[in-house]
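A.B. asks: Below is a structure I'd like to ask you about.
Please treat every number below as a calculation from the coordinates, not as lab data. Only a predicted model underlies this, so the values are computations on that prediction, with no experimental measurement involved. So basically every Cβ, Gly included, is an ideal-geometry build from the backbone, and we count neighbours across all protein chains shown.
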Amino acid sequence: MNNPVQIGVFSVSDITTDPTTDRTPSEHERIKASVAIAKKAEDVGLDVFAIGEHHNPPFFSSSPTTTLSYIAAQTERIILSTATTLITTNDPVKIAEDFAMLQHLADGRADLMLGRGNTGPVYPWFGQDIRNGINLAIENYALLHRLWRETDVDWDGRFRTPLAGFTSTPRPLDDVPPFVWHGSIRSPEIAEQAAYYGDGFFHNNIFWTMSHTRQMIDLYRRRYEHYGHGAYHQAIVGLGGQFFMRPNSQDAWREFRPYFDKAPVYGHGPSMEEFTSATPLTVGSPQQVLERTLGFREAVGDYQRQLFLIDHAGLPLKTVLEQLDLLGEILPAMRAGFAEGRPTDVPDAPTHPSRVAAAGGPRDSTRYAEPDAVTGRAVEYN
């Protein structure tokens, strides 16, 4: 059964010292931990596991599709995604190939979130200039979109060598490309891009006020309707979030405070009290996390995907797995809360089976070889 709202977790793949023990995990430990977290996420009933892409310390996830393929082989139901895939510095041809391959290996349980990335030095490492970030995102996605839908693609743009009669392989599973979320925090051009193509828009609002999130999603919804993909309230929206919970809220505050105070991700800025008041970060009991999360609808309307940052700031694996157990306990109530009062014409979260059905059923889009140019004989397949 498809869930109206997909609830899951994501990792940015940071390697951070645990401030309570002064111990820093190795890359190997964190890589293995990400697999354990994904498997646990499926065990407790979550819908999505996503992992980011980085090419610099202190992060480990430089090849998300490798990690996700490994996880796919050890799971059965959970959707595997990214948070994010760098549309600016990756070759769109390689993105098309890698994610189509993952889609086949995962039997359709794969989608992706595209983003520009906010690490300036990455751009020149891959031959690009951060000042072209928006234009790279626009041009590269225009090519990626075509590669999954067309064969014999001719292409001539600003940022990569031309293509003449190019066909990306493998073709998308069932001739339906992986669903694309465009992730952005503050770029209206990316909200516009998502709306133009009728794709999903994911606002990773973990460090931002809900008023800012509301403005970005309002822009996307208005432009989605403008381009004729559906009504304002039918646009495909995803949100980020983060929590730390214990059965007793005072225990949650006491245990999480050293991680908040010392972790680089929080920038040693506002206090934890100020941060939880201004942003979606929720520290407290499971009931408080449930109520805060269900309150997001008041700001942005009904939406399709909710992902929580779960393994950051030096939190040890044991603690992360405990957090997942607690999330699993409130998951039925969270699903019921999202469903309550949801209009029947608001789309459910996109899945491969639902999109295949909408496309009229599965099709084999394998591109077979043409007759040999020398002998004139076609390749024979058993």
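A.B. asks: Where in the chain lies the longest segment free of chymotrypsin sites (Phe, Trp or Tyr not before Pro) that are both loop residues by DSSP (not H, G, I, E, B) and have at most 11 other Cβ atoms within 10 Å? Don't jump to the answer; show the numbers that get you there.
C.D. replies: Details: sites that count: Y368, Y381.
In the chain, the maximal stretch lacking such sites is 1-367.
A.B. asks: Moving on to the next point. Whole angstrom only: what separates the Cα centroid of region 42-61 from the Cα centroid of region 159-207?
C.D. replies: 19 Å
A.B. asks: Starting from the Cα-Cα distance between E298 and T17, subtract it from 0.36 nm times their residue separation and give me the gain in nm to one decimal. Present the calculation step by step, with values, prior to reporting the outcome.
C.D. replies: Details: separation 281, 0.36 × 281 = 101.16 nm, distance 3.66 nm.
Full extension from E298 to T17 adds 97.5 nm.
A.B. asks: Where does the longest stretch of the chain lie that holds no GluC sites (Glu not before Pro) found in a DSSP loop with 14 or fewer other Cβ atoms within 10 Å? Write out the running numbers ahead of the final one.
C.D. replies: Working: sites that count: E76, E150, E340, E380.
It runs 151-339.
A.B. asks: Helix-only estimate, please: 222 nm mean residue ellipticity of the chain, summing -39500 (n - 2.57) across DSSP H runs of length 4 or more and dividing by its residues, to the nearest 500. Numbers along the way, then the final one.
C.D. replies: Values: 13 runs with 151 residues, N = 382.
Roughly -12000 deg cm²/dmol at 222 nm, from the helical runs in the chain.
A.B. asks: Follow-up question, since we're still on this one. Dipole of the chain, Cα-centred, from +1 at each Lys and Arg C-beta and -1 at each Asp and Glu C-beta, to the nearest 20 debye? Display every interim value, and only then the final one.
C.D. replies: Numbers: 34 positive and 47 negative charges, 84 e Å.
About 400 debye.
A.B. asks: Run the simple label-point estimate for K32 and A142 please: 7 Å along Cα→C-beta, distance reported in nm.
C.D. replies: About 4.7 nm separates the two model spin labels.
A.B. asks: Can I ask one more? Along Cα→Cβ, 7 Å out, is where each label goes; now give me the distance between the ones at E370 and T167 in nm to one decimal.
C.D. replies: 0.9 nm
A.B. asks: Could you check the simple spin-label distance between A333 and A357, using points 7 Å along Cα→Cβ, in nm with one decimal?
C.D. replies: The modelled label-to-label distance comes out at 3.1 nm.
A.B. asks: Where does the charge balance sit around G157 when Lys and Arg score +1, Asp and Glu -1, over other residues with C-beta under 14 Å from its C-beta?
C.D. replies: Values: positive: R146, R158, R160; negative: D91, E139, D154, D156.
That works out to -1.
A.B. asks: Can you flag which of K94/K318; K39/K318; K32/K318 are past 24 Å Cα-Cα?
C.D. replies: Working: K94/K318 36 Å; K39/K318 14 Å; K32/K318 13 Å.
Among K94/K318; K39/K318; K32/K318, the Cα-Cα distance tops 24 Å for K94/K318.
A.B. asks: Which label marks the calculated value of P(r) over Cα pairs in 20 Å bins from 0, in percent, given the options (1) 27, 59, 13, 1; (2) 25, 45, 28, 2; (3) 26, 56, 18, 0?
C.D. replies: Recomputing P(r) over Cα pairs in 20 Å bins from 0, in percent here gives the entry labelled (1).
A.B. asks: Name the residue from Q306, G328, W253 whose Cα lies farthest towards the positive end of the charge dipole of region 207-337, charges +1 on Cβ of Lys and Arg and -1 on Cβ of Asp and Glu.
C.D. replies: Looking along the dipole axis, the top candidate is Q306.
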